[in-house]
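Right, one structure below, let's go through it.
Quick note: the coordinates plus some simple rules give every number you see, no bench work behind them. Everything numeric in this text was worked out from a predicted model, so none of it was measured. Because the Cβ atoms are built from the backbone with ideal geometry, glycine has one as well, and the counts that use them run over all protein chains shown.
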């Protein structure tokens, strides 16, 4: 996984992150030390998982309560990705 992180960075983005496979994927990535941008439209479950992963694994999370069917969902997600990339590049 080190080569993966070297190539792509310390952040991962997961859509559908509050339940099911997305939740399991978030848990696995967090256990490996990845910071997460978590996207889901189940706000309570999303915020709960975000807090749990931050506390349990010491990672940073950005929970986004977004319905991917909303008109501007892609633009919002791309803007967040851009901001995370800028912050990560700036801090190195």
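Using all C-alpha to C-alpha distances in the stretch 37-90, build P(r) with 5 Å bins and read off the rounded percent in each one.
Taking all Cα pairs of the stretch 37-90, the binned fractions are 4, 19, 24, 22, 20, 9, 2 percent.
Report the per residue volume, in Å³, of the convex hull enclosing the C-alpha atoms of the chain.
With only Cα atoms used, the chain gives 91 Å³ per residue.
Once you place label points 7 Å from the Cα toward the Cβ at residue 45 and residue 8, how far apart are they in nm?
2.3
For the residues 34, 25, 4, 69, what sequence is obtained by ranking on other C-beta atoms within 10 Å, fewest first?
Result, fewest neighbours first: 69, 4, 25, 34.
Quick one: length gained pulling residue 62 to residue 31 fully straight, 0.36 nm per residue minus the C-alpha distance? It would help to have the intermediate numbers written out before the result.
Values: separation 31, 0.36 × 31 = 11.16 nm, distance 1.63 nm.
The residue 62-residue 31 span can extend by a further 9.5 nm.
Which semi-axes, in whole Å and largest first, does the equivalent ellipsoid of the stretch 1-45 have when worked out from the alpha carbon gyration tensor as the square roots of 5 times its eigenvalues?
The answer is 21, 10, 7 Å, longest axis first.
How would 23, 3, 82 line up from fewest to most surrounding beta-carbon atoms within 10 angstrom?
Values: 23 19, 3 7, 82 10.
Ordered by Cβ neighbours within 10 Å, fewest first: 3, 82, 23.
Which order do 66, 80 fall in if you start with the one that has the fewest other Cβ atoms within 10 Å?
Placing the least packed residue first, the sequence is 80, 66.
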